[in-house]
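Encoded as structure tokens, the structure appears first; notes follow it.
The values are calculated or read from the model by the stated rules, or taken from the named source; none is laboratory data. Everything quoted here is computed from the prediction, not taken from an experiment. Counting neighbours? That spans all protein chains shown, and the Cβs are built from the backbone with ideal geometry, glycine included. Heads up: the accessible areas ignore ligands, DNA and RNA and are worked out on the full protein's heavy atoms, side chains in. Shrake-Rupley method; radii C 1.70, N 1.55, O 1.52, S 1.80 Å.
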Amino acid sequence: MGLTSALFGGKLRIALVALVLVAAGVGGAYATGVIGAPSVDRVDNRFAGVNETETVIETDLYVSNPNPLSANLSGLEVDYGVEMNGIQMATGEKEGVAIGRGTTAVPLRTTLENERIPEWWVSHIQNGEHTDLVVDANVSSETLGRTFEAPEITRSIDTDLLSAFNSTETREIDANSPVVSDPVLYVNETSAEWGESTGERTALELTFVVHNPKPYPIAVSELGYDISMNDVDVGEGTTNSEYVIPPQSTETIEATTYIQNDKLDEWWVSHLERDQTTDLRIDFYANLDAGGTTLRVPLDPLTYEKTFETDIFGNKAASEGNETATETTATATETATETATTTSTATATETSTDTATATTTTTETTTTTTETTTSATTTTSSDGGTTTTDDGLL
């Protein structure tokens, strides 16, 4: 009796809902409480390809229909926006979406112009190597006359690219020249911090504490540098200041080096191609005037290397097969106008290597755990004809 009651009770409810829909229309059914409001449960993003100029991002918005039968709501629009450090990085929308019973995955696709990456980089450095990510998504219905917002998604990216340069280890500098004995200098301490960041370039302020063991003065007439990220040259140049280190004395040398921000879009391509991993490297050389002779000396013991990783959308583990995420859905049917959607980014994982020693190599490793999520459901989706546009950067 209980089973029969439940069975016919469920059928009766569906029949009543259908009757109300026919009699009053969807808007009236919603007003009377028969039709429940759709909602956005989740937003998933992934990189789907990158070339010299564009990054392709695919997004699934999971829209939930709480009603016991399909609610083909005309004028249903799904959209979201992404901000990083208050910068609107991307927006997207899809119109004419019809959602079935349960949860429907609404697929979106957009392209990101790589030339806009430097704007985010500047904000990240100016904010102390920290990025706040905010993703907002919602569903709007002309029929229901309402917008239903998804829970706000917030994440963080934190990096530490320079701290491993700070060292009090003494390193010998050899000239490898017959006119002067080695070591010609000792570097007793190094330190680094970010300087002024503009739209054009990012400054690194470096300090070297140098000791002259010779009985004569040594002049450092030029200090040159080369900065690369994944073998992409992002900065090179020389300092203009000249330092004279008295005999058997110690002097502090300060130098400003620069990353050219217009090179960062090329770096970004390499970063994604290497599964969001970057090897930062800074090489130095110096022109020394010692005992009446000018020498160009590679400063190999001061070479700085640091490897860092990012997990922009928080799903690297899933893309590597360490995460399974499925959800029960009905199939999405769309008559569709699609304006693309981009979601930018999330937590960073870092590994650092500092090779600043003539005789020794110091390795520092920092690992930030990556979050892995598992849910036990099944997802199906279908996408109608779409066109995409991108409003922002990553």
Query raised in the report: Which values, in whole Å and largest first, are the semi-axes of the equivalent ellipsoid of segment 248-295 obtained as the square root of 5 times each eigenvalue of the Cα gyration tensor?
Result: 37, 12, 11
Query raised in the report: Can you pull the percent of segment 111-232's accessible area that's carbon plus sulfur, 1.4 Å probe, other chains left in place?
Result: 42
Query - Rg/Rg_ref, segment 79-228, where Rg_ref = 2.2 N^0.38 Å and atoms are Cα - result: 1.80
Query raised in the report: Which of Y216, V232, P183 sits closest to the plus end of the dipole of segment 181-234, meaning its Cα is farthest towards the positive end, when Lys and Arg get +1 and Asp and Glu get -1 on the C-beta?
Result: Y216
Report summary line: For segment 130-239, dividing by residue count, accessible area per residue (probe 1.4 Å) in Å² works out to 44
Report task. Against the globular-protein guess of 2.2 N^0.38 Å, express the Cα radius of gyration of segment 46-155 as a ratio, rounded to two decimals. Result -> 1.26
